[in-house]
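S.K.: Right, I'll just put the structure down here and ask away after.
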Amino acid sequence: MKRISDFLAGVPMTIVSGVFLAASLILMLMKMEVPVDPAWVSVIISGIPLLYLAIWRIIHNKGMSKISSALLISIAMIAAVAIGDTFAAGEVAFIMAIGAILEEKTAERSKKGLKELISLAPQQGRRINNGNEEMIYAEEIKAGYILRVLPGETIPVDGRIISGNTSVDQAIMTGESLPVDKEVGDSVFCGTINRFGAIDMEATNVGEDSSLQKLIRMVQDAENKQAPIQRIADKWATWLVPVALLIAIVTYFVTQDIVRGVTVLVVFCPCALVLATPTAIMAAIGQAAKHGVIVKSGEALEKMGKVDTIAFDKTGTLTFGKLEVSDTIPFSKELDENELLVLVASAESRSEHPLGKAIVTHARGKDLVLKDAAGFRMEAGKGIYANVSGRNLFCGSEKYLKENGVDIPKQVSDTLNKLRNEGKASVLAATDGLCLGVIALSDILRPTAKEMVTRLDKMDTQTVLLTGDNRRTADYFAKQVGITAVQAELLPEEKVQNIVQLQQEGKSVCMIGDGVNDAPALKTASVGVAMGVMGSDIAVEAADIALMSDDISRIPYLKRLSNVTVRTIKFSISLSLFINFVAILMSFMGWLTPTTGALVHNAGSIFVVLIAALLYDRKFD
């Protein structure tokens, strides 16, 4: 029976239902009689799924939820058929079928993102056993196993480095734009990528306890917590059905006219109520799409209109997530900025480190001619050495230079501290024990970020920064855009905890992010918004809304659109209730029949659709 109901409720059969209903109306207006009213086809096609839903809810739902809008419309449909008004019965069934289809289309969600997240889980690890290497499946790794991870490999489980130095790309977990230098004693996370040096590590959290598996579980849990849209008409059905029946019965006993009683039931059907939400939402979704904003569900748009707090990730969201040289500072009077840049870029020309690549790109962008570098070697997580034009150059961290006999005077230390406070990464250059200068690199703030935050403040919307980056970097960028509430150095579960805490304080939270690490937070928030172009596929799939142009200046537009959509829905509901009230009075007075009542009731539905359509071309900027 369910298969039959689903088939009849589908788009093709609903179109057939509409065609036969239109034929019935034409014949009625032309006063032509036929042996069988075409509206019977509409009653069967659109009425059977309605009856099935009403009966199923009576059997399976608990308490007052047994009473639904489907039950009220089924009663009206049966009553109309009983007195011979087949058109009225087909009309209310058809309108409900249209509403159900529209609502289903706006509520569909994809599960693709979770599958992609699961695919990131490493399949194998390299175990060191009695000095020998052996590849084993990730699920066979136990706490305490010694594992070796080579450059470019994914770390199979959470663990602690016991030998070697490296730089690890932790973007999947923390969203950090830079690989993080790691040495003996440091922790590493499952699913992150070892970029440079080979390391030996001791497995700590394995299997379901690993950080990546926790990330996957958080997305699954948040997905499961997403309740389906409950129709407004169903919310009100617990009192609509008894009231409609009571008024219909009173009408019959007062007027002694069964037709008037049935007419009351027909005009009382909440078809306009059912259409109010999906039509407004579909128009708003179309409006948003024209502005590069993809809204995946009507529920998300409704909730966005109620959001009072927006939490931002930093890297790739407020910033471009791309490192660029921001400062070139010589400490030697023998060098100017370009000469320092040529020396460092020449030394880094063979490096695969993101900092080195960014410096080389910057130098070539200035059309500087790089020099040959001989004897290149790299110490993972520390720095590089190369001989450039007879100079033995050491480029890297302050610690690396000190290890190679370079003196770091107070002027250099003060400069480094200043750069750190500005959220910048630094590469020092030195030769013959002297520090030649420093090149600083920084993620670049999106030019529209500050104005966007200002506009949200004017809309009484609180802004919060939740990032995996270090505290200094987070504070610097937050100050640049005007965000005062900052939480830094957060793992994915800690972002989720911050969002849950805000929700417990009564806030309706929207999370905006772009990385895999943001997926649980995007799912946990009332509304998740992902950066669609630069963002990971997993973040985009986990979110309710995607900014396909990565233009965060669209956020205030999205908030205004959502607010107006919610107001439009409320107005449409109020209008439909008013029309129903007037139609009920006219039915009581005998001025309407079930057929004319169905047409008046249909006019209310048309008004609701027209009001919703105005959203599509409305200007919000």
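The values are calculated or read from the model by the stated rules, or taken from the named source; none is laboratory data. Being a predicted model, the structure only gives us computed values, none of them experimental. Here the Cβ is made from the backbone with ideal geometry for all residues, glycine too, and neighbour counts use every protein chain on show. Remember, those area values only see protein heavy atoms, side chains included, never the ligands or the DNA or RNA. Shrake-Rupley method; radii C 1.70, N 1.55, O 1.52, S 1.80 Å.
S.K.: For the chain, give the percent of accessible area contributed by carbon and sulfur heavy atoms, probe 1.4 Å, rounded to a whole number.
M.R.: 57
S.K.: Let me ask you something else. Residue by residue, what Karplus-based ³J(HN,Hα) values in Hz, rounded to whole numbers, does region 302-315 have, using 6.51, -1.76 and 1.60 with θ = phi - 60° and x for Gly and Pro?
M.R.: Each residue of region 302-315 in turn: 4, 5, 4, x, 9, 5, 10, 9, 10, 9, 10, 6, 9, 5 Hz.
S.K.: Expressed as cubic angstrom per residue, what is the convex hull volume of the alpha carbon set of region 355-399?
M.R.: Normalising the Cα hull of region 355-399 by residue number yields 81 Å³.
S.K.: Could you state the angle between the C-alpha long axis of helix 449-458 and the longest principal axis of the C-alpha atoms of the chain, as a value from 0 to 90 degrees rounded to the nearest 10?
M.R.: Result, in degrees: 40.
S.K.: Follow-up question, since we're still on this one. Can you tell me the length gained on complete extension of the stretch ASP209 to GLU352, counting 0.36 nm per residue apart and subtracting the Cα distance?
M.R.: Result for the pair: 48.2 nm of gain on full extension.
S.K.: Then there is this: Given R₀ = 30 Å, FRET efficiency for LEU245-ALA613 by Cβ-Cβ distance, to 0.05?
M.R.: 0.30
S.K.: Restricting to bridges with both residues inside the chain, how much of the DSSP beta-bridge set is antiparallel, in percent to the nearest 5?
M.R.: 75
S.K.: While we're here: Counting only Cα, what are the radius of gyration and maximum Cα-Cα distance Dmax of region 375-433, in Å?
M.R.: Spelled out, the Cα radius of gyration and Dmax of region 375-433 are 11.8, 35 Å.
S.K.: Counting only heavy atoms of protein chains, what accessible area per residue, in Å², does the chain have with a probe of 1.4 Å?
M.R.: For the chain, the per-residue accessible area is 44 Å².
S.K.: Shifting gears a bit: Counting Lys +1, Arg +1, Asp -1, Glu -1, what net charge surrounds HIS353 among other residues with beta carbon under 14 Å of its beta carbon?
M.R.: +1
S.K.: In addition: May I ask you to evaluate 6.51 cos²θ - 1.76 cosθ + 1.60, the Karplus curve with θ = phi - 60°, for each residue of region 326-333 and list the ³J(HN,Hα) values in order in whole Hz, giving x for glycine and proline?
M.R.: 10, 9, 10, 10, x, 9, 9, 5
S.K.: Around PRO594, what is the net charge, scoring Lys/Arg as +1 and Asp/Glu as -1 over all other residues with Cβ under 15 Å from its Cβ?
M.R.: -3
S.K.: Let me ask something else. Tell me what the chain gives for mean residue ellipticity at 222 nm when only DSSP H runs of n ≥ 4 count, each as -39,500 (n - 2.57), the sum divided by the residue total, rounded to 500 deg cm²/dmol.
M.R.: -16500 deg cm²/dmol
S.K.: Can you tally the net charge around THR251? Count Lys and Arg as +1, Asp and Glu as -1, for every other residue whose Cβ sits under 10 Å from the Cβ of THR251.
M.R.: So the environment of THR251 carries a net charge of 0.
S.K.: For the chain, find the longest principal axis of its Cα atoms and tell me its angle to the long axis of helix 492-504, 0 to 90°, nearest 10.
M.R.: Here the helix axis deviates by roughly 40 degrees.
S.K.: Continuing with the same structure: Helix 354-365 against the longest principal axis of the chain: what's the angle in degrees, Cα atoms only, rounded to the nearest 10?
M.R.: Helix 354-365 sits roughly 80 degrees off the main axis of the chain.
S.K.: ³J(HN,Hα) across region 195-211 via Karplus (A = 6.51, B = -1.76, C = 1.60, θ = phi - 60°), whole Hz, x for Gly/Pro?
M.R.: Residue by residue, region 195-211 yields 7, 10, x, 6, 10, 10, 9, 9, 5, 10, 9, 10, x, 5, 8, 5, 4 Hz.
S.K.: If you average the alpha carbon positions of region 314-336 and of region 581-621, how far apart do those two centres end up, in angstrom?
M.R.: Distance between centres, Cα-based: 62 Å.
S.K.: How fast does region 297-395 diffuse by Stokes-Einstein, in µm²/s, taking the Kirkwood radius from C-alpha pairs at 10 °C and 1.306 mPa s?
M.R.: Result for D is 98 µm²/s.
S.K.: May I pose another question? Of PHE571, PHE87, which has the most accessible area and how do the rest follow, probe 1.4 Å?
M.R.: Ranked from most to least accessible, the order is PHE571, PHE87.
S.K.: Considering only DSSP beta bridges with both partners in region 355-498, what is the antiparallel share in %, to the nearest 5?
M.R.: Antiparallel: roughly 90 percent of the beta bridges in region 355-498.
S.K.: Along Cα→Cβ, 7 Å out, is where each label goes; now give me the distance between the ones at LYS31 and PHE581 in nm to one decimal.
M.R.: The two pseudo-label positions are separated by 3.7 nm.
S.K.: Figure the gain on full extension for ALA485 and ASP457 (residue separation times 0.36 nm, minus the Cα-Cα span) and round it to one decimal in nm.
M.R.: The ALA485-ASP457 span can extend by a further 8.8 nm.
S.K.: Then there's this: What FRET efficiency comes out for GLU202 versus GLU494 if R0 is 22 angstrom and r is the Cβ-Cβ distance? Round to the nearest 0.05.
M.R.: That pair, GLU202 with GLU494, gives E of 0.35.
S.K.: For LYS371, which lysines qualify as cross-link partners when the Cα separation must be under 27 Å and same-chain residues fewer than eight apart are set aside?
M.R.: Partners found: LYS322, LYS333, LYS357, LYS382, LYS399, LYS402, LYS424.
S.K.: Can you tell me the dipole magnitude for the chain around its Cα centre, using point charges on the Cβ only (Lys, Arg +1; Asp, Glu -1), in Debye to the nearest 20?
M.R.: Here the size comes out at about 1520 debye.
S.K.: For the chain, just list the percent of Cα-Cα distances falling in each 10 Å bin from zero outward, please.
M.R.: Answer for the chain: a P(r) of 3, 14, 19, 18, 15, 11, 8, 6, 4, 2, 0, 0 percent.
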